[in-house]
Amino acid sequence: MVFKTNSNYYLYSKKKNKILLIHPLLAYIIKTKKNLKDKNKESNTQEFSEFMKKNSLSRQRLNFYLNKYRFLKENGYFDPMEIKERIDGRYTGNIIKEHLPNNRHIVFEVTDACNLKCKYCGYGELYSGYDKRKNQFLSIYRAKTLLDYMASFWNSPKNFHFNKEIRIGFYGGEPLLNFPFIERMVQYAKRIRLKHNYFTFGLTTNGVLLDKYIDYFVDNRFHLLISLDGDKECNGFRLFPNGEPAFETIYKNICLVRKQFPEYYEKYVGFAAVLHRLNSVERIYDFFKTHFNKIPGISDVSPFGIKESTREAFNKIFVKMSDSFNQASKQVKCEAILSLIGDTVRKVAELLYFYSDNTFKSLEELLPTSRKSNIPTGACAPLNRKIFLNVNGKILPCERVSSSHVLGTVTENQVRINFEEVARKYNHYFDQLADQCLGCYNTRNCSNCILHMNIEKDGFKCPFFTDQEQSRKLLSETMGFLEENPELYKKIVREYFLV
Amino acid sequence: MYKENIYFTIEPYVYISIKKNRAFLYNILNQKIIESDYPSIINVIKKLKRGNQLQVIKLNWDQVKKEREVFQFLKKARNYFMGDLIHSPKAFTKPVQLIPMSGLQEDEDEKKRHFSFAKRGKIYLREITLFINASCDLDCNICRHAYKQVPCCFKTRSTPQELDLEIIKKILKETDTGFLTKINICGGNILKYKKYSELVDLLEKSNITKALYIHYLNLTSSAAGFNIPDHQSFLLNILVTFPVKQETFKEILFQLKNKNLNFKVVFITQTERELFQAQDILKRFRIDQFSFSPYYNGKNITFFKKYVYVKKKNLLRSKPSIKDILARKVVNHNYFGHLVIQNSGDVYASTNDNKPMGNISSDSIGQFVCKELQKKNRWLKTRDRVKPCRDCHYQLLCPSISNYEYAIGKNNLCTIYRENKHETRKQ
């Protein structure tokens with residue numbers, strides 16, 4: 001496939017999975033797809049002649065690029081790619097069970113209660129698909145049972161890691177409403193002996209109660225992720241249940257942490273901001289840079305699981321990340337780009353990772369026995385990267401999916417996971433999608449989660465299906481961005497990790 | 001003044017090396033090479049590799065026209081499909097190439113690299129060689145040293161004489177992660193292993209390749225030699241040393257074929273004469289699965305120079321991929337991911353190591369993997385770290401350092417230096 005940025009032509013070979021810069025004449029030859037058996041006949045065709053004349057190109061030059069076309073063709077650059085083999089992988093119960101010894105992140109939904117009532121909350125009025133919020137606390141026994149269960153896998157010979165971190169995360173609701181749970185679980189985890197790993201702890205909080213417990217988090221080297229959308233005005237959707245803004249309280253607490261524990265703050269405290277109509281990428285960056293000297297992670301309001309009845313309200317809140325990024329000042333864009341943050345940087349990273357077999361992120365990829373996944377879509381392998389235990393004892397793939405995608409349950413003394421059933425469910429989804437994936441130009445770099453799609457719906461069409469034109473456009477935009485920011489290339493290969 | 005910018009680019013499928021003010025370009029697709037020590041050409045190539053140029057540079061065409069050598073170089077690069085000239089209006093953005101790059105190869109990333117190694121442990125383990133015992137009734141002349149160069153049997157009086165079956169079970173259990181692709185079973189005479197049948201039963205449960213190494217003369221003395229499942233995951237390597245007892249060999253071959261076993265004949269050769277004899281045997285007995293394992297005995301360097309040393313044309317024709325080239329900068333393909341466990345339980349990264357890393361009874365496989373990665377002893381011994389290869393343009397086209405280099409005592413088992421000298425004289 002030939003594509004063009006604003007300035008230059010490139011060839012993307014699906015078979016080779018490589019992108020080459022090409023001369024406009026070669027691009028023209030490829031596009032016209034002439035029969036190259038008879039060189040003279042071809043070069044004499046009127047179409048070619050006109051093109052040559054229009055661009056003041058010599059016969060000699062034409063012959064050179066015809067030969068180059070043949071050279072690339074002989075070397076497989078125009079061969080079709082057998083896409084089927086890329087998506088015919090399926091799970092078995094055993095494969096899924098083998099994910100457990102190498103799982104590296106357990107997240108507990110400490111409580112479903114919250115001391116804020118944010119307008120865009122994923123468990124709020126805009127969304128469906130989550131368990132009803134009943135102001136419950138997660139049972140400590142269930143959490144301990146899950147941790148014991150996992151420890152037996154982590155300590156098994158099937159764990160192929162050595163000296164690798166396992167993160168125990170605390171999530172809510174607002175987890176600090178059930179602080180004793182956190183304290184007890186940390187104490188419990190510290191008593192578990194791991195052969196191949198060690199525990200670290202993380203907390204996602206709205207920061208309202210941070211001043212009460214910060215000493216504990218500093219002592220236990222907790223990685224804190226504080227949700228805040230920018231200055232007071234930007235933070236207008238983050239409110240107390242009585243409708244009062246929460247900004248002042250949170251701001252004061254963050255300042256306190258920074259002042260009292262500067263080293264801890266530098267190393268362990270991060271921010272997550274949600275983009276919406278009250279803020280912008282520019283304002284978020286500016287606020288965090290000026291006030292906290294940090295670069296926050298920014299995500300847009302989740303478009304998945306919106307109720308039909310609240311679609312309009314959602315649309316009033318939602319702002320597309322790429323739009324806001326494009327409107328940001330050059331300085332902010334540059335800073336974001338150099339910090340490898342933002343949608344476009346991600347697209348470049350995906351381009352380098354999925355569309356270029358010239359870049360290798362890790363040693364595993366360089367080894368002759370390295371394997372590419374042949375599982376369709378970008379869904380995370382279940383139970384592999386993360387396990388989320390919700391307040392009702394349901395095991396979910398992560399905190400961002402509907403509670404209907406339950407993988408297992410945890411009672412006070414037992415973990416129940418039907419691995420075969422999990423495999424069957426995922427394979428069923430893959431089968432439903434396979435035909436669409438076959439025709440999709442994004443199959444190679446699909447990063448979309450099947451659990452965010454309503455696959456069971458009659459006549460389901462993948463919302464991320466990409467045809468040739470869309471793919472060409474995406475490649476053009478992304479390569480164009482890289483042309484403007486060539487310094488990103490090496491930085492991304494060295495430092496960017498796609499999640 | 002030109003109305004357009006003229007960019008020169010080198011294609012990503014071209015391997016570029018600059019050493020001691022000499023540049024070397026190799027087109028992986030058509031094996032064409034360009035070499036030059038002309039300063040302006042070196043400057044052009046250095047500029048292409050610099051910082052964020054991504055192998056595309058703007059040319060000063062007036063300057064190019066003045067320097068005939070540079071002009072000829074550009075022409076040659078185009079004709080060999082190694083590069084191109086792209087004319088582009090001044091207002092247009094400079095193009096880029098997605099150049100070959102590994103996030104691991106830069107020197108400044110050393111710390112990061114070790115960090116990631118230490119965290120990944122067993123994921124890198126690909127092959128294990130188990131010397132299950134050390135006794136054999138034969139008295140081959142290669143017995144004491146050949147195993148240090150090629151996979152084959154050996155003999156020692158060290159104790160314990162056998163690797164306990166329980167330890168083998170432990171190893172298999174620990175490595176049952178899907179990353180290990182091959183287990184080599186060597187002796188001694190492995191057929192004399194006390195629990196041989198149980199071992200075969202145990203190995204049968206694993207789907208990975210099991211390569212068994214047995215001297216052909218040991219197959220005659222025991223019926224157990226043929227007690228090997230005909231499953232394709234078992235590969236019986238029949239070791240042949242010289243002189244060959246042809247009638248015995250014929251009988252063994254008949255039985256192997258009769259039992260439909262998956263086998264390969266491995267000739268351990270020390271001389272040209274033995275090589276020719278092996279060829280006669282291949283012809284006479286119509287053997288289609290075979291390999292030659294030359295053995296350096298300290299006196300046969302002429303044989304090695306003729307049959308083992310690498311020549312330029314071999315390297316150029318080997319058509320390594322970009323991935324191969326980048327990998328050779330980071331790991332040693334001959335050793336990486338391979339552990340050797342002796343009959344005593346001692347664990348080594350290579351049969352050439354004098355000191356073991358430890359004993360399998362006290363440490364886990366994951367710990368040995370990490371130890372080796374941190375020591376950078378064998379697995380990471382790449383040609384860019386050793387003399388004289390570090391100054392050679394062919395270092396990344398060349399196979400990784402192997403046991404032969406250790407046995408012979410030099411890193412460059414090649415004729416490249418001689419060929420270069422010869423070419424220079426001709427010029």
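Distances between every pair of Cα atoms in the range A:268-356, grouped in 5 Å steps from 0 to the bin holding the largest one, split as 3, 13, 22, 21, 17, 13, 8, 3, 0 percent. Under 20 Å of direct C-alpha separation, and excluding same-chain neighbours fewer than eight residues apart, residue B:194 reaches these aspartates and glutamates: B:137, B:162, B:164, B:166, B:204, B:346. The angle separating the long axis of helix A:179-191 from the principal Cα axis of greatest extent in chain A is about 80 degrees.
Rounded to the nearest 0.05, what FRET efficiency do residue A:316 and residue A:179 have when you use their Cβ-Cβ distance and R0 = 30 Å?
It comes to 0.25.
Show log10 I(q)/I(0) for chain A at q = 0.07 Å⁻¹, two decimals, from a solvent-free Debye sum over equal Cα scatterers. So the normalised log intensities work out to -0.46. Remark: spin-label model distance residue A:55-residue A:105 equals 4.7 nm, labels positioned 7 Å along the Cα→Cβ axis. Amide H contacts of residue B:269: B:293, B:295, each under 5 Å away and 5 or more positions distant or on a separate chain (H built 1.01 Å from N in the peptide plane; Pro and chain starts excluded). For residue B:299, a cut-off of 19 angstrom between C-alpha atoms picks up these lysines, skipping any fewer than 8 places away in its own chain: B:148, B:410. Sorting the segments A:448-456, A:15-23, A:185-193 by their mean number of nearby beta carbons within 10 angstrom, highest to lowest, gives A:15-23, A:448-456, A:185-193. For chain B, the pair-distance distribution built from all alpha carbon pairs, in bins 10 Å wide starting at 0, is 4, 18, 24, 22, 15, 10, 5, 2, 0 percent. Hey, what D do you get for the range A:65-139 in µm²/s if you plug the Kirkwood alpha-carbon radius into Stokes-Einstein at 20 °C and 1.002 mPa s? Rounded, D is 114 µm²/s. Per-residue 3J(HN,Hα) values for the range A:56-66, derived from phi via the Karplus relation 6.51 cos²θ - 1.76 cosθ + 1.60 with θ = phi - 60°, read 6, 9, 8, 4, 4, 5, 4, 4, 4, 6, 5 Hz in sequence order (x marks Gly and Pro).
Among the GluC sites (Glu not before Pro) within the range A:50-127, which fall in a DSSP loop and have no more than 14 other Cβ atoms within 10 Å of their own Cβ?
In loop regions of the range A:50-127 (DSSP not H, G, I, E or B), the sparsely surrounded GluC sites (Glu not before Pro) are A:82, A:125.
So for the protein assembly as shown, Kirkwood radius off the Cα pairs, Stokes-Einstein at 10 °C and 1.306 mPa s: how many µm² s⁻¹?
Numbers: Rh = 31.9 Å.
Calculated translational D: 50 µm²/s.
Build a GNM of chain B with springs between Cα atoms under 10 Å apart, and of B:162, B:405, B:247 the one that fluctuates most is B:247. Work out from phi, with θ = phi - 60° and the Karplus expression 6.51 cos²θ - 1.76 cosθ + 1.60, the ³J(HN,Hα) of each residue of the range B:35-49, listed in order in whole Hz, and give x for Gly and Pro. Each residue of the range B:35-49 in turn: 10, 7, 10, 6, x, 5, 5, 4, 4, 4, 5, 4, 5, 4, 8 Hz. Along the charge dipole of the protein assembly as shown, pointing to its positive end and built from +1/-1 on Cβ of Lys, Arg, Asp and Glu, which listed residue (A:6, A:437, A:147) has its Cα farthest out? Final value for the positive-end residue is A:6. Here the Karplus curve 6.51 cos²θ - 1.76 cosθ + 1.60, taken at θ = phi - 60°, turns the phi angles of the range B:142-148 into couplings of 9, 3, 7, 10, 4, 5, 7 Hz, with x standing for Gly and Pro. Only Cα sites of the range A:93-389 enter the Debye sum here, all with the same form factor; the resulting log10 I(q)/I(0) across q = 0.07, 0.10, 0.11, 0.15 1/Å is -0.31, -0.66, -0.80, -1.44, listed in q order.
With contacts taken as Cα pairs under 8 Å and at least 6 residues apart, chain B reaches a relative contact order of 16 percent. Cysteine residues of chain A whose C-beta has no other cysteine C-beta under 4.7 angstrom: A:114, A:234, A:255, A:334, A:380, A:398, A:437, A:440, A:446, A:449, A:462. Once you sort the root eigenvalues of the Cα gyration tensor of the range B:4-89 as a ≥ b ≥ c, which label holds: rounded (a/c under 1.5), prolate (a/b larger than b/c) or oblate (the other case)? Cα axes put the range B:4-89 in the rounded bin. Remark: mean inter-chain Cβ contacts per residue of A:195-206 equal 1, using a 10 Å Cβ-Cβ cutoff to other protein chain atoms.
Mind scanning A:212/A:232; A:4/A:316; A:190/A:491; B:264/B:355; A:117/A:320 and naming the pairs with a C-alpha gap bigger than 25 Å? Could you put the intermediate results ahead of the total?
On the way: A:212/A:232 22 Å; A:4/A:316 35 Å; A:190/A:491 37 Å; B:264/B:355 32 Å; A:117/A:320 23 Å.
In this structure, A:4/A:316; A:190/A:491; B:264/B:355 lie more than 25 Å apart at Cα.
A straight Cα-to-Cα reach below 13 Å connects residue A:347 with the aspartates and glutamates A:477, residues fewer than 8 places away in its own chain not being considered.
Which whole number in µm²/s is D for the range A:352-466 by Stokes-Einstein, with the Kirkwood Rh taken over Cα pairs at 37 °C and 0.692 mPa s? The partial results should precede the final answer.
Details: Rh = 16.2 Å.
My calculation gives 203 µm²/s for D.
Please give the helix B:110-120 orientation as an angle from the longest Cα principal axis of chain B, in degrees from 0 to 90, rounded to the nearest 10. Around 40 degrees separate the two axes.
Kindly flag which residue pairs out of A:307/A:457; B:173/B:210; A:267/A:289; A:490/B:49; B:75/B:319; A:425/B:205 have an alpha-carbon separation exceeding 19 Å in this structure. Distance filter (> 19 Å) returns B:75/B:319; A:425/B:205. Each of B:160, B:56, B:134 was placed along the dipole of the protein assembly as shown (beta-carbon charges, centred on the mean Cα), and the one lying farthest toward the positive end is B:56. For the range A:408-499, applying the loop criterion from DSSP together with a ceiling of 14 other beta carbons within 10 Å to the trypsin sites (Lys or Arg not before Pro) yields A:457, A:461. Take the cross-link list A:68/A:473; B:46/B:323; A:18/B:58; A:14/A:330; B:155/B:371 and give me the ones stretching past 31 Å between alpha-carbons. Violating the 31 Å Cα-Cα cut-off are A:14/A:330.
Where a number appears in this text, it was derived from the coordinates with a stated rule and is not lab data. Source: prediction; values computed, not measured. Please note: Cβ atoms are built from the backbone with ideal geometry, for glycine as well, and neighbour counts cover all protein chains shown.
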